[in-house]
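Everything below concerns the one structure shown next.
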Amino acid sequence: MTEPLHDVQPVTMSSQAFLILCRLYDGCYDELKQNEQLRELVESIGDMLLAGVETLEKQEIKPKTITFPLTVQQAFFVRRLVVELLAQAPAGNDDKTTRWLQECLTALSGGGASADAKADAH
């Protein structure tokens, strides 16, 4: 059940936001994988994120941003996870992790790292 290549979209975010996203995903990977219907999707996302982390680790000079490919279905699934995590954050919380997760959400929604991730700061 692989998706056609034209359904792949590049997702760009800061390296720090990417690493936070990977930590979030790693934290719920085993639980998500238990759902038989989602197993293939969960594993494919995990493989993609792991490949990105390995690429970052090999580079002597760490890039400020990272771009990685996700299918529309993968991006939707990860976006839902980020939305759920942000919903659990305390109201008015403006710590760095929350801002990086907001950046992830913007990037996964098609905005990218250059988009204003602080749009709801008002």
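Where a number appears in this text, it was derived from the coordinates with a stated rule and is not lab data. Please read all numbers here as calculations on a predicted model, not as lab measurements. Virtual Cβ from ideal backbone geometry, glycine too; neighbours counted across all protein chains shown.
For the range 43-106, which trypsin sites (Lys or Arg not before Pro) are in a loop by DSSP, counting at most 11 other Cβ atoms within 10 Å?
64
Share of Cα-Cα pairs in the range 13-108 beyond 21 Å, in percent?
Considering the range 13-108, 31 percent of its Cα-Cα pairs are separated by more than 21 Å.
If you rank 42, 53, 72 by fewest surrounding Cβ atoms within 10 Å, what's the result?
Ascending number of Cβ neighbours within 10 Å: 72, 53, 42.
If you look at just the Cα atoms of the range 1-69, how large are its Rg and its Dmax in Å?
13.1, 40
Arranged by the count of other C-beta atoms within 10 angstrom, fewest first, what order do 103, 57 take?
With the fewest neighbours first, 103, 57 line up as 57, 103.
Taking amide H positions as placed 1.01 Å from N in the peptide plane, with prolines and chain starts having none, which residues 5 or more places from residue 70, or on another chain, fall under 5 Å of its amide H?
9, 11
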